[in-house]
Amino acid sequence: MRFHGGRSKVVLDFSVNTNPLGPPKHVEDFIRECIEGGVLLKYPDYEYINLRDNIAKFYGCDPNNIIVTNGANEALNLVITTLRKDLVVIEPSYGEYEDLASSLGVKYDYILYKVLDDEFYLDLEVLDSFNSVDRVIVITNPNNPTGNYLSRDRLLSYIQDFKPIFLIDESYVELCDSCPYELPKDIPDNVVVVRSVTKYTSLPGLRLGFLYSSNEELIKKLNTVRQAWNVNSLAECVFSKVFVDIDLLKEFISRSRHYISSERMRLLRELRNLGLKVFNSRTNFLLINLSFNAEELIKTLELRSISVRWCWSFKGLSKDYIRISIRKYEDNEVFLKNITQIINGLKHEH
């Protein structure tokens, strides 16, 4: 069943994991320039040559290894539907992989993260039993909704000789203060990396994602299946401009990471002071185990125009779990004030 963050009727939406600092500088100017230049009257470049070149220059990789997509979701689905192999997913994780596998007529299996104290983690050795050529193994890194991060160097080193294709969703890597976001040129042939530009530029209404692989045969196959003009002309034009000023965009990512890290640690501390089980995170959201059914708390928050992500739909998590995004300081203060009142009220009732 499809279940996503994003509530249009609330004032403060903590269910959506976009950059709390908003879009990079000059984006509104870029949109205006593109529209005034008549971009809406033109089809985009079918091959997206300029956009791929600019992305590749920023991330330090080969543009021929990139396919641009209408958000990270399209990239993930493109790989899975094109390959039509059995799926193994590291769970809990974002995405409707089980439903997608069922619709494709392929087998779905999963590996659950382990938990030690306040941290989710993956024993890489468990992957050994799934070392079959007829599989796609999906890893979200940093992971949504748990926020944990597995060292990319360690992961790539371990899986480089595996038979399956590894689909690594790095949608939150630019918002993770301990994650390298440059793309390695020597990535193994059995790896496809997926990125979301939408998330860290905070432009969900102007979607862009891309996938990256050094496997030329696979890139050719994916491009054959890719829908024509899958990224619209406005997004192509605006993001081509965003990636031109490399230093400006790097500074924006650095500033975003610093802000998110600072606010995340503050929220983590305050929520734990309330007696809540809050898991360590490397990115722009926190997973909370309330130790009771979250339904009443969520309804009370929504009456106060605040939305959070109820995590019952994530495999391995119960109705006790919620996820909150890191927002601006003043928004986070409103959330802390309200959840403190609600939690203290529930304690008095019991």
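Rule-based calculations on the coordinates, nothing more; no lab input. Quantities reported herein were computed from a predicted structural model and do not represent experimental measurements. Cβ coordinates were reconstructed from backbone atoms using ideal geometry, including for glycine residues, and neighbour counts include every protein chain displayed.
Restricting to Cα pairs below 8 Å that are 6+ residues apart, what does the relative contact order work out to for the chain? Please round to a whole percent.
Once normalised by length, the contact order is 26 percent.
Non-local amide H neighbours of Leu112 (under 5 Å, H modeled in plane, Pro and chain starts lacking H): which ones?
When sequence neighbours closer than 5 places are left aside, the close amide H contacts are Glu91.
Given just the C-alpha atoms of region 214-350, how large is their convex hull per residue in cubic angstrom?
Once divided by residue count, the hull of region 214-350 is 191 Å³.
At q = 0.11, 0.12, 0.20 Å⁻¹, what log₁₀ I(q)/I(0) does a Debye calculation on the Cα points of region 59-185 give, no solvent, two decimals?
-0.38, -0.46, -1.37
Over 25 Å between C-alpha atoms is what I'm after, so list which of Lys185/Lys220; Lys221/Lys241; Lys107/Lys163; Lys42/Lys185; Lys107/Lys221; Lys57/Lys220 land there.
Working: Lys185/Lys220 18 Å; Lys221/Lys241 29 Å; Lys107/Lys163 17 Å; Lys42/Lys185 34 Å; Lys107/Lys221 22 Å; Lys57/Lys220 21 Å.
Going by Cα-Cα distance, Lys221/Lys241; Lys42/Lys185 fall outside the 25 Å limit.
How far is helix 72-83 tilted, in degrees, relative to the longest principal axis of the Cα atoms in the chain, given as a value from 0 to 90 rounded to the nearest 10?
60
What is the calculated FRET efficiency for Asp134 to Lys315, with r their C-beta to C-beta distance and R₀ = 35 Å, to the nearest 0.05?
It comes out at approximately 0.95.
Using only the Cα atoms of region 72-142, each taken as one equal point scatterer with no solvent, compute I(q) by the Debye sum, divide by I(0), and report log10 of the ratio at q = 0.15, 0.18, 0.24, 0.26 Å⁻¹.
Each listed q maps to, in turn, -0.50, -0.71, -1.14, -1.28.
Starting at the first residue of region 151-162, write each ³J(HN,Hα) from the Karplus equation 6.51 cos²θ - 1.76 cosθ + 1.60 with θ = phi - 60°, in whole Hz, x for Gly and Pro.
Values, residue by residue: 3, 5, 4, 5, 5, 5, 5, 6, 9, 4, 9, 6 Hz.
Dividing the Cα radius of gyration by the Kirkwood radius, what Rg/Rh value follows for the chain? Could the numbers behind the result be given before it?
Values: Rg = 20.4 Å, Rh = 21.1 Å.
Answer for the chain: 0.97.
Between Asn293 and Arg266, how high is the FRET efficiency from 1/(1 + (r/R0)^6) when r is the Cβ-Cβ distance and R₀ = 22 Å? Nearest 0.05.
0.20
Of the residues Leu100, Leu206, Leu41, which exhibits the maximal mean-square fluctuation in a Gaussian network model of the chain defined by a 10 Å Cα contact cut-off?
Checking each option, the largest mean-square fluctuation is seen for Leu41.
Give a quick list of chymotrypsin sites (Phe, Trp or Tyr not before Pro) in region 1-105 that DSSP marks as loop, anything other than H, G, I, E or B, with at most 12 other Cβ atoms within 10 Å.
Phe3, Tyr46
If you build a Gaussian network model of the chain, linking Cα atoms that sit under 10 Å apart, which residue out of Tyr149, Tyr121, Tyr259 swings the most?
Taking springs between Cα atoms under 10 Å, the residue moving most is Tyr121.
Restricting to bridges with both residues inside region 27-245, how much of the DSSP beta-bridge set is antiparallel, in percent to the nearest 5?
40
Using only DSSP helix segments of four residues or longer, with each worth -39500 (n - 2.57), what per-residue ellipticity at 222 nm results for the chain after dividing by its residue count and rounding to 500?
-11500 deg cm²/dmol
Taking 7 Å along the Cα-to-C-beta vector as the label spot, tell me the Asp53-Leu234 distance in nanometres, rounded to one decimal.
For Asp53 paired with Leu234, the spin-label model returns 2.6 nm.
Let me spell out the model: positive unit charges on the Cβ of Lys and Arg, negative unit charges on the Cβ of Asp and Glu, origin at the Cα centre of region 251-348. What dipole size does that give, in debye rounded to 20?
In total the dipole reaches around 280 debye.
Longest segment of the chain with no GluC sites (Glu not before Pro) in a DSSP loop having at most 14 other Cβ atoms within 10 Å?
Between the exposed loop sites, the longest stretch runs 183-350.
What FRET efficiency would be calculated for the residue pair Glu251, Arg32, taking the C-beta separation as r and a Förster radius of 35 Å, to the nearest 0.05?
It comes out at approximately 0.95.
Taking the chain as a whole, which cysteines find no other cysteine Cβ under 4.7 angstrom from their Cβ?
Cys61, Cys311
Quick one: helix 246-273 against the long Cα principal axis of the chain, what's the angle to the nearest 10°, folded into 0 to 90?
Compared with the principal axis, the helix lies near 20 degrees.
Any chance you could check the Cα centroid distance between region 216-245 and region 306-350 for me, in angstrom?
37
What do you get for the angle between helix 27-36 and the principal long axis of the chain? Use alpha-carbon atoms, 0 to 90 degrees, nearest ten.
40
List every residue whose amide H lies under 5 Å from the amide H of Ser171, counting only residues 5 or more places away in sequence or on a different chain, with H placed 1.01 Å from N in the peptide plane.
The list, which skips near neighbours in sequence, is Asn141, Ser196.
Choose one answer from Asp13, Asp123, Asp189: the residue with the largest mean-square fluctuation in a GNM of the chain with alpha-carbon springs under 10 Å.
Fluctuation is largest for Asp123.
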